[in-house]
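Okay, so here's the structure we're looking at.
The values are calculated or read from the model by the stated rules, or taken from the named source; none is laboratory data. It should be emphasised that the depicted structure is a prediction, and the values quoted were computed from it without experimental measurement. With ideal geometry, Cβ positions are generated from the backbone for all residues, glycine too; neighbour counts draw on all protein chains shown.
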Number of protein chains: 2
Amino acid sequence: MTDDRADRIRRGDDGTFVVDRSLVSNCFGCGQANEQGLRLRFREVDDGWVETRVRVPRHLCGMDTVVHGGIQATILDEVCGVAAQLGLPPGSTDDPCVTAELSLRYQRPVPIADDVVAQARVTGVEGRRISVEGRIVSPDGEVLTAVTSRWAQLVRPPA
Amino acid sequence: MTDDRADRIRRGDDGTFVVDRSLVSNCFGCGQANEQGLRLRFREVDDGWVETRVRVPRHLCGMDTVVHGGIQATILDEVCGVAAQLGLPPGSTDDPCVTAELSLRYQRPVPIADDVVAQARVTGVEGRRISVEGRIVSPDGEVLTAVTSRWAQLVRPPA
């Protein structure tokens with residue numbers, strides 16, 4: 001991790017981290033202040049992937065035994081967003097990256113009884129535009145849902 | 001509406017409807033039995049579009065003032081799914097259609113202070129495979145988020 005990236009995250013005792021602004025955010029996905037949210041935390045894993053792991057509450061199901069496809073999209077959006085934010089070129093501002101495109105392929109059902117494990121990594125950076133791929137994987141590593149995404153870093157308005 | 005379709009929906013006094021199985025479903029999007037869900041209802045609008053309208057609870061925000069992109073995906077998944085189900089060829093079973101692909105383009109923020117209006121219509125049917133386009137629109141008709149999707153009708157297992 002570069003110093004740039006270390007400046008932007010807060011790491012917990014268990015090795016997981018959140019992006020700074022998540023500490024005070026109400027975001028349904030990553031906001032640590034949202035008691036009804038998923039309060040996702042992240043960790044870095046091998047080969048440049050960022051990972052999040054969450055037990056999804058039962059009321060966020062589609063059919064009774066599976067995680068709703070839109071909630072899968074929420075989790076993948078979040079982990080891809082963290083990968084995008086951490087993948088900004090050295091010297092970038094910490095202005096947030098927002099989703100431009102998210103393309104999901106639902107390959108296998110995602111059981112709601114298990115932890116959902118979602119991973120993402122940057123596949124391309126052009127200035128403020130970042131491409132990220134992601135996936136939800138089963139305990140034995142099978143890809144259940146795959147995603148490609150494009151991100152744009154917001155430009156801070158003049159003070 | 002054909003008789004086939006009328007058999008599969010339950011219409012309320014206000015002209016909105018739900019697909020039969022939603023009455024007893026816990027689905028986060030359309031399940032009328034899920035008190036923590038969006039409990040989406042639908043209506044048919046001009047030119048073959050199906051529409052849903054919902055005020056999204058504040059705790060489902062991304063940044064504070066906007067609907068989380070994953071919740072937008074949830075709502076679009078639902079309205080596209082209803083369009084797919086109702087777009088099955090005459091004589092089809094009522095086995096559910098499941099999402100195979102969902103590709104979202106986030107063009108403008110979706111304010112959480114307003115009703116979210118999402119619309120979908122079938123663009124192609126090949127046997128049990130259905131293509132559906134959708135959009136979230138502003139009060140003046142601007143497309144805020146656009147989606148294309150592919151669906152597959154499940155095959156009922158032998159009795």
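So is A:Val122 without any contact (Cβ under 8 Å) to a residue 60 or more places away in the chain, β-branched (Val, Ile, Thr) and closer than 17 Å to A:Leu86 by Cβ or not?
The answer is no for A:Val122.
Can you tell me which residues in segment B:51-72 are in contact (Cβ under 8 Å) with a residue 40 or more places away in the chain, more than 7 Å from chain A (Cβ to nearest Cβ), over 21 Å from A:Asp95 (Cβ atoms) and not hydroxyl-bearing (Ser, Thr, Tyr)?
The answer is B:Glu51, B:Arg53, B:Val54, B:Arg55, B:Val56, B:Arg58, B:Gln72.
Step by step: first the residues of segment B:22-40, then only those that are of a type in the set (A, V, I, L, M, F, W, C) and in contact with a Lys or Arg (Cβ under 8 Å, 6 or more places away or on another chain), then the one that is modelled with the highest pLDDT. Which residue is that?
B:Cys30
Look at B:Arg43 and say whether it is at pLDDT 90 or above and either in a strand (DSSP E or B) or in contact with a Phe, Trp or Tyr (Cβ under 6 Å, 6 or more places away or on another chain) (or both).
The answer is yes for B:Arg43.
Given the conditions (1) more than 12 Å from chain B (Cβ to nearest Cβ); (2) aliphatic (A, V, I, L, M); (3) out of contact with any strand residue (DSSP E or B) (no Cβ under 6 Å at 6 or more places or on another chain); (4) under 23 Å from B:Thr145 (Cα atoms), report the number of the one that A:Val132 does not fulfil.
It is condition (3) that A:Val132 fails.
Go through segment B:46-77 residue by residue and tally those that are touching a Leu at 6+ places or on another chain (Cβ under 9 Å), within 15 Å of B:Val132 (Cβ to Cβ) and outside any helix (DSSP H, G or I).
2
Enumerate the pairs (first residue in segment B:73-96 and within 11 Å of another protein chain (Cβ to nearest Cβ); second residue anywhere and assigned to a helix (DSSP H, G or I)) with beta-carbon separation below 6 Å, excluding pairs fewer than 6 apart on the same chain, so at least 6 apart or on different chains.
Going by the 6 Å Cβ cut-off, the qualifying pairs are B:Ala73/A:Gly70; B:Ala73/A:Ala73; B:Thr74/A:Gly70; B:Asp77/A:Gly69; B:Asp77/A:Gly70.
Kindly indicate whether any position in segment A:25-35 is among the aromatic types (Phe, Trp, Tyr) and either surrounded by fewer than 16 Cβ atoms within 10 Å (Cβ to Cβ) or within 14 Å of another protein chain (Cβ to nearest Cβ) (or both).
For segment A:25-35, residues among the aromatic types (Phe, Trp, Tyr) and either surrounded by fewer than 16 Cβ atoms within 10 Å (Cβ to Cβ) or within 14 Å of another protein chain (Cβ to nearest Cβ) (or both): present.
Would you check which residues across segment A:97-108 are more than 8 Å from chain B (Cβ to nearest Cβ) and crowded, with 17+ Cβ neighbours inside 10 Å and list them?
A:Cys97
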